[in-house]
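The values are calculated or read from the model by the stated rules, or taken from the named source; none is laboratory data. None of the values given here were measured: they were computed from a predicted structure. Here the Cβ is made from the backbone with ideal geometry for all residues, glycine too, and neighbour counts use every protein chain on show.
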């Protein structure tokens, strides 16, 4: 893609780790190594997203010559957030979207505040409800990621945090009396699987 696409049609965003040492100092060595590897392949990052447990300090950004290869607004921190839904706002605040819009020569659309409203709702949640999700492969949490997110969105709209417990449907076949365990939930979702005939 780098050799085939026009410069304004492609960006390389490099996500790199900025770990903390035992004294809590942010280390840029992993970034130096990873950017060096990219450059050896003929790739230059247009933006760097620095993952760190804590907010990335401006001193850390200025200390590394590899960060300096990008414009200052193209080096953004991505520290641990209370929820993944806060991350786009954090990157927006650091100017990443403005930089990418400039780089790709895109015209900004009319500003929308929908995401900000979602974040406000999320931050104001002060109650929790429990939902039991009954399914065939309850031990494989990743296979239910869309259900996780759908329940989370519903909870945000209703002003509550959804605590999900995954329940193996086969448990009820083995021990029918365990069905009474469902009484402790505020809601129950049953994930039905179609038979494939096998």
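Of all residues in the range 83-101, none are out of contact with any strand residue (DSSP E or B) (no Cβ under 7 Å at 6 or more places or on another chain), within 23 Å of residue 22 (Cα to Cα) and assigned by TED's automatic domain parsing to the domain that holds residue 13.
Identify the residue in the range 3-31 that is modelled with pLDDT under 85 and outside any helix (DSSP H, G or I) and, among all such residues, is surrounded by the fewest Cβ atoms within 10 Å (Cβ to Cβ). Once the filter is applied, the top-ranked residue is 3. Checked across the range 53-62, the condition of being assigned by TED's automatic domain parsing to the domain that holds residue 11 and either in contact (Cβ under 8 Å) with a residue 40 or more places away in the chain or in contact with a helix residue (DSSP H, G or I) (Cβ under 8 Å, 6 or more places away or on another chain) (or both) holds for at least one residue. Would you call residue 72 surrounded by fewer than 16 Cβ atoms within 10 Å (Cβ to Cβ) and either without any contact (Cβ under 8 Å) to a residue 60 or more places away in the chain or in contact with a helix residue (DSSP H, G or I) (Cβ under 8 Å, 6 or more places away or on another chain) (or both)? Here the answer is yes, as residue 72 does meet what is asked.
Residues in the range 83-106: is at least one closer than 19 Å to residue 26 by Cα and touching a helix residue (DSSP H, G or I) at 6+ places or on another chain (Cβ under 6 Å)? Within the range 83-106 (the criterion being closer than 19 Å to residue 26 by Cα and touching a helix residue (DSSP H, G or I) at 6+ places or on another chain (Cβ under 6 Å)), the answer is no, since none of the residues qualifies.
Taking the range 33-52 as the range and being closer than 23 Å to residue 95 by Cβ, touching a residue at least 24 places away in the same chain (Cβ under 8 Å) and either assigned to a helix (DSSP H, G or I) or not assigned by TED's automatic domain parsing to the domain that holds residue 79 (or both) as the test, the residues that pass are 35, 38. In the range 77-92 there is no residue that is crowded, with 16+ Cβ neighbours inside 10 Å and more than 26 Å from residue 149 (Cα to Cα).
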